[in-house]
Amino acid sequence: MRLNSRIIFHLMGLLLLCNGGFMLLAAVVSGIYKDGATLSITLASISTMFAGVFAMYYTRGHRKEVKQKEGYIIVTFGWIVMSISGMLPYIFSGAIPDITNAFFETISGYTTTGASIMDDIESMPEGILFWRSLTHWIGGMGIIVLAIAILPLLGIGGMQLFAAEAPGPSADKLHPRITDTAKRLWLIYVGYTVAETILLKLAGMSFFDAINHALATLSTGGFSTKNASLAHWNDQPMIQYIIILFMFLAGTNFVMSYFAFKGKVQKVLKDEELKFYFLFILTATITAGLVIYFRANITELTPGYPMVLGKAESSFRHALFQVVAVVTTTGFVSADFTAWTPFLTIFFFGLFFLGGSAGSTAGGIKVMRHLLIIKNGLLEFKRTLHSNAIIPVRYNNKTVKEHIVYNIIGFFVLYMLLFIIGALVLGFLGLDFESAIGGAASSLGNVGPALGSLNPVSNFNGLPDLAKWWCGFLMLAGRLELFTVLILLTPYFWKRT
């Protein structure tokens, strides 16, 4: 069947129109703070919206039908188009004049990776910092899901898009209509963002810092308005505990939040993925906390604290903060975890591969996939002893279809293969071993901080230009669950059927 290219370009125009609208918000913030970037951001917004209107007008009268093939193209190229247009505020304002750096910062934002090339974040105009945080927030739930909520106005069904973009191995439906699902997810997303902003303001952050960090937390992004990230507030534990709470919530399946708000608490408590997610974070926090307390020197992280109480509380807080930040792929930093002990460096590197829950804004492999791979692996012992028995994998007391298990195993193999290739490419481009494996794992998992020269208190600015583009590709592939992007690189995808 012939590819419906007109609907693809029409929806690209719609995305540009939405992106330009969000830029206007950043222009308003710039105007309020009189940071000198208002005109530049406004011009970027107008240019983006003009391109969007032109694309939509040129493709009017298109066939209002989105099939699976068009869905994959729209999702992948949608993120690329958003990233290209999202560079304009940086370039027009001169905040990041280099195209490579501007694209890296932008795609890192939309993919909610949080890796940055900015050496002095605090010197940037407020409007630019707000736009930077907005790219996180837009990408967090997916601009494609947002578009699904308004596609019915154009007479277009969006099921194919949701299947391609929705995070995780399964897209739980809260309502039979996909549009209503998208609206409910965004309502929860917005509600959490508002709640965190208020709490952070009450805890002592300025309103500007509070809203920026709320945008970055709920999207599991990690961009901060401070050079030291959340280490800037190491003497204000309440701020960090609030961030921890919302990072944890952002890393859970948003469907679970919906069920909780509807009073279906038992359904939430019985969810296997949520229990595994919670217990893993608890175990990892206790492990890291004990190592920090007995082996690491953290007295410089607790200014003004009594030594005994301060060290115990600080050890627990920094362990919990960094475990949740890495597992949920938020990437906020309260301390340089690579400087604690060699054991913890390897420990946190391993956490790069976990990821949050399916249906969350987190990146990574996802907890559900790990859980099902472990279950299937353990069942292989039984299958070996009872070769004729049919022993299915069960999840939440339901049998998991065999093709889903195969898909998850295939995803895991492909993920690890792309990680190895990613590290090899970065090594070929001049990075040392630790930086190469850390950069590849962090980019593919959308984590943010990495190892070596890309450690939590450094940034990605020192990378060669080719390495930045490569990391951008890994970020996109990881954010869109590999298959959505990589299938476009296969010859048979483009063959007419």
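The values are calculated or read from the model by the stated rules, or taken from the named source; none is laboratory data. Quantities reported herein were computed from a predicted structural model and do not represent experimental measurements. With ideal geometry, Cβ positions are generated from the backbone for all residues, glycine too; neighbour counts draw on all protein chains shown. Ligands, DNA and RNA are excluded from the accessible area calculation, which covers all protein heavy atoms including side chains. Shrake-Rupley method; radii C 1.70, N 1.55, O 1.52, S 1.80 Å.
Structure above, values below:
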quantity	calculated
Helices (runs of 4 or more DSSP H) contained in region 426-497 and holding at least 3 residues closer than 21 Å to VAL75 by Cα, of a type outside the set (Lys, Arg) and open to solvent by less than 20 Å² (accessible area, probe 1.4 Å)	433-445, 465-479
Residue within region 400-410 that is out of contact with any strand residue (DSSP E or B) (no Cβ under 8 Å at 6 or more places or on another chain), over 30 Å from ASN455 (Cα atoms) and assigned to a loop (DSSP other than H, G, I, E, B) present	yes
Condition met for ILE74 (open to solvent by 20 Å² or more (accessible area, probe 1.4 Å) and in a helix (DSSP H, G or I))	no
Criterion violated by GLY31 - all others in (1) out of contact with any Ser or Thr (no Cβ under 7 Å at 6 or more places or on another chain); (2) part of a helix (DSSP H, G or I); (3) over 20 Å from MET56 (Cα atoms); (4) small (Gly, Ala, Ser) satisfied	(1)
Leading residue by the ranking (nearest to GLY478 (Cα to Cα)) among those in region 195-238 that are among the hydroxyl-bearing types (Ser, Thr, Tyr) and assigned to a helix (DSSP H, G or I)	THR217
Residue list for region 92-124, restricted to those being under 24 Å from SER206 (Cα atoms), β-branched (Val, Ile, Thr) and assigned to a loop (DSSP other than H, G, I, E, B)	THR112
Within region 371-399, tally of residues that are in contact (Cβ under 8 Å) with a residue 24 or more places away in the chain and either closer than 30 Å to TRP470 by Cβ or in a helix (DSSP H, G or I) (or both)	4
Residue count for region 1-28, restricted to those that are closer than 16 Å to ILE80 by Cβ and among the aromatic types (Phe, Trp, Tyr)	1
Enumeration of residues in region 260-271 that are assigned to a helix (DSSP H, G or I), in contact (Cβ under 8 Å) with a residue 12 or more places away in the chain and open to solvent by 40 Å² or more (accessible area, probe 1.4 Å)	PHE261
Number of the exception - LYS226 against (1) in contact with a His (Cβ under 8 Å, 6 or more places away or on another chain); (2) surrounded by 22 or more Cβ atoms within 10 Å (Cβ to Cβ)	(2)
Total residues in region 460-497, condition in contact (Cβ under 8 Å) with a residue 40 or more places away in the chain, among the aliphatic types (A, V, I, L, M) and farther than 15 Å from PHE104 by Cα	6
Residue match in region 49-66 (condition: in a loop (DSSP other than H, G, I, E, B) and polar (S, T, N, Q))	yes
Single condition PHE294 does not satisfy, out of (1) at pLDDT 90 or above; (2) closer than 17 Å to PHE347 by Cβ	(1)
Count of region 244-259 residues which are closer than 15 Å to TYR277 by Cβ and open to solvent by 30 Å² or more (accessible area, probe 1.4 Å)	3
Set LEU3, LEU11: member being assigned to a helix (DSSP H, G or I) and at pLDDT below 95	LEU11
Selected residue [surrounded by 17 or more Cβ atoms within 10 Å (Cβ to Cβ), in a helix (DSSP H, G or I) and either of a type in the set (Val, Ile, Thr) or modelled with pLDDT of 85 or more (or both)] from TYR241, TYR192	TYR192
Some residue of region 343-351 being open to solvent by 10 Å² or more (accessible area, probe 1.4 Å) and either hydroxyl-bearing (Ser, Thr, Tyr) or more than 28 Å from LEU282 (Cβ to Cβ) (or both)	yes
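Conditions (1) over 23 Å from the mean Cα position of the chain (by Cα); (2) closer than 19 Å to ASN212 by Cα, marked per residue:
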{"site": "GLY21", "(1), (2)": "no, yes"}
{"site": "TYR33", "(1), (2)": "yes, yes"}
{"site": "SER45", "(1), (2)": "yes, no"}
{"site": "THR59", "(1), (2)": "yes, no"}
{"site": "ILE74", "(1), (2)": "no, no"}
{"site": "PRO97", "(1), (2)": "yes, no"}
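Residue-by-condition table, conditions (1) on the phi < 0 side of the Ramachandran plot; (2) not small (Gly, Ala, Ser):
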site: ALA312; (1), (2): yes, no
site: HIS318; (1), (2): yes, yes
site: VAL324; (1), (2): yes, yes
site: GLY331; (1), (2): no, no
site: THR338; (1), (2): yes, yes
site: THR341; (1), (2): yes, yes
site: PHE352; (1), (2): yes, yes
site: GLY355; (1), (2): no, no
site: SER360; (1), (2): yes, no
